[in-house]
Structure formats: structure tokens, C-alpha cells
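The values are calculated or read from the model by the stated rules, or taken from the named source; none is laboratory data. The model shown is predicted, which means the values in this text are computed figures rather than measured ones. Note that each Cβ is placed from the backbone with ideal geometry, even for glycine, and that neighbours are counted across all protein chains shown. Heads up: the accessible areas ignore ligands, DNA and RNA and are worked out on the full protein's heavy atoms, side chains in. Shrake-Rupley method; radii C 1.70, N 1.55, O 1.52, S 1.80 Å.
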Amino acid sequence: MSPKYFAPHGGHPGQEQLLTDRAIFTQAYAVIPKGTMRDIVTSFLPFWEDTRLWVIARPMSGFAETFSQYIMEVAPGGGSDKPELDPQAQGVLFVVEGTASLTVSGKSYDMSEGGYAYIPAGADWRLNNKSEDMLRFHWIRKAYEAVPGLPAPDPIVTNEQDIAPTEMPGTDGKWATTRFVDPADLRHDMHVTIVTFEPGGVIPFLETHVMEHGLYVLEGKAVYNLNNDWVEVEAGDYMWLRAFCPQACYAGGPGRFRYLLYKDVNRHMKLSPA
């Protein structure tokens, strides 16, 4: 089955629309529905031409403390030769619409829909839209936590269609994860994966764990249990989950339910301020 990826296109609702929506912000989680990603909430970045973005996660005390996440929208001819201004920031790019021309450490790549790139902190890179169509992609950023004795990770550029999903044991393939990085590679302190549930697939218990999460729904719909609140989500919605927030879900169909998942991994817990 060919992947489908939802991408926001902005615009504004008409004056006849009701104000009611599904946006939720609590002490344990937040839900940012696709309907909130309008023209009025876009941002711009230095040295990015013909580009706007939706910021859907940023470091906040008690919430998304380790990462930021953007949905970038680059018009034909746009892009940046100086995209990242923080030398400590590593990044993951995931293309949901269009084609990106990416250069990392002197190597050039064409990234189509489903394309994934890991960019190490301090890497020399640039990204442009050389096509005639709009380019939309996720950009997840995290300050790299170096460990003495462990080398820095290498760049990775691939596509999810070239990676076989890993089925969760005992689920008959109803729950699977597409992993772009070997979980045993301790050089990495962040994982961005794609989680897929077939119709009827479930997380059959309330997970509680130290990783904080960002979940962007790429395809389908489901009911998510967040801190014992049942919340309906669909393609284009985004969820922040604070560390230890109880979480489970049920994919009701009729099609697959898939999301792009961020989590922080493989490092000691900080016992004092940075």
C-alpha cells in the first residue's frame, strides 16, 4: 500500500464557521488539530527564501523540553543555503509533499515524499526547492548531547519506502514501526520513526515512560488515550506528550493510522541544570 502524507496548506476558515474545534492544552499533553494551522499562525526564519512554517513544538518548561518541530513550506525556487544557525542543533527532515534538493557535507540528494534525512550537529548543509511544485516537510531539531568516547552520528538520507517496518511482537502485523536509526546505536540521542496501525490495531496498555513525544498524524484516524482522556485525532493533527504521560490508542479504520513520532533516547537523566 502506497504511503499517504497529510500536509497543511494554510488558508482561513470562512466567517460562517463555528469557533468550536478540538484544540486541547493540559499539564500532561496538548493536541493541535489540523484546523489550527492557518495562514495567521505561520512564522518565518532568517536566510530562508520564499519559505514559511508552522511551529508545532518548541522547548517549554515541563513540556517539549528537548526539541522543536516545524512544518516547513517552501515555494518553487525557495530554500536556504544557511538553514541552521545553532551549531549544537541536530535535525531530522521528513518530506510530506513535493521534492527537496538537499546537500549535506558536500553530497547532494533529491528527497521525494517519504524522504528522511538525519543531519548531525554542526554539519554543513543546505536545502532548496528546485521543482515547480510546493515543498512541505517536517524539521525536528534537538541539541545534541555528546558523550565522551562515543563518536558523533553520521548523516543519513533515505526513504521510508526503502525500509521494512518492524512488527511489534504478538500483533500479527497490526502494529509496526519504521525505524530509520538502529535502536542499539547509542551515538543517537533522538529517534524519529513512523508508527503504523492497521484498522483495529491497538496499544493495549497505558504506556508511561521517560521519553517525551511529538506525534504528527500522517494518515488515517484513531482514538488516543492521553492521561485517561479519550481524544479523537486524524491526519494532520499533532500531539505533544509530556514525559510519563499515560498513553494508548485504538485505530478504528477504515484505513491505516500512521504517525511521525519523535522521542529522546539513550542518555542519562540530568541531575542538575545544564
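So the values come out like this:
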| read-out | value |
| --- | --- |
| Filter result (farther than 20 Å from Pro165 by Cβ, touching a strand residue (DSSP E or B) at 6+ places or on another chain (Cβ under 7 Å) and open to solvent by 40 Å² or more (accessible area, probe 1.4 Å)) within segment 231-263 | Glu232, Glu234, Arg242, Gly252 |
| Tally, over segment 14-29, of residues that are over 18 Å from Ala235 (Cβ atoms) and open to solvent by less than 70 Å² (accessible area, probe 1.4 Å) | 4 |
| Unique residue being open to solvent by 80 Å² or more (accessible area, probe 1.4 Å) and farther than 22 Å from Pro155 by Cα when the list is Asp39, Asp81, Asp50 | Asp50 |
| Flag if Val217 is in contact with a strand residue (DSSP E or B) (Cβ under 9 Å, 6 or more places away or on another chain), in contact (Cβ under 8 Å) with a residue 60 or more places away in the chain and under 15 Å from Ala251 (Cα atoms) | yes |
| Condition broken by Thr208, with the remaining ones in (1) closer than 26 Å to Pro254 by Cβ; (2) touching a Cys at 6+ places or on another chain (Cβ under 9 Å) satisfied | (1) |
| Residue match in segment 157-166 (condition: surrounded by 15 or more Cβ atoms within 10 Å (Cβ to Cβ) and small (Gly, Ala, Ser)) | no |
| Qualifying residue in segment 218-225 (condition: touching a Cys at 6+ places or on another chain (Cβ under 7 Å) and open to solvent by 30 Å² or more (accessible area, probe 1.4 Å)) | yes |
| Residue within segment 10-21 that is hydrophobic (A, V, I, L, M, F, W, C), touching a residue at least 24 places away in the same chain (Cβ under 8 Å) and out of contact with any His (no Cβ under 7 Å at 6 or more places or on another chain) present | no |
| Residues that are surrounded by 15 or more Cβ atoms within 10 Å (Cβ to Cβ) and assigned to a loop (DSSP other than H, G, I, E, B), drawn from segment 142-156 | Tyr144, Glu145, Pro153, Pro155 |
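Yes/no matrix, rows are residues, columns are (1) more than 19 Å from Ala235 (Cβ to Cβ); (2) in contact (Cβ under 8 Å) with a residue 40 or more places away in the chain; (3) touching a Gly at 6+ places or on another chain (Cβ under 6 Å); (4) open to solvent by 70 Å² or more (accessible area, probe 1.4 Å):
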{"position": "Pro46", "(1), (2), (3), (4)": "yes, no, no, yes"}
{"position": "Ser61", "(1), (2), (3), (4)": "yes, no, no, yes"}
{"position": "Gly91", "(1), (2), (3), (4)": "yes, yes, no, no"}
{"position": "Glu97", "(1), (2), (3), (4)": "no, yes, no, no"}
{"position": "Ser108", "(1), (2), (3), (4)": "yes, no, no, yes"}
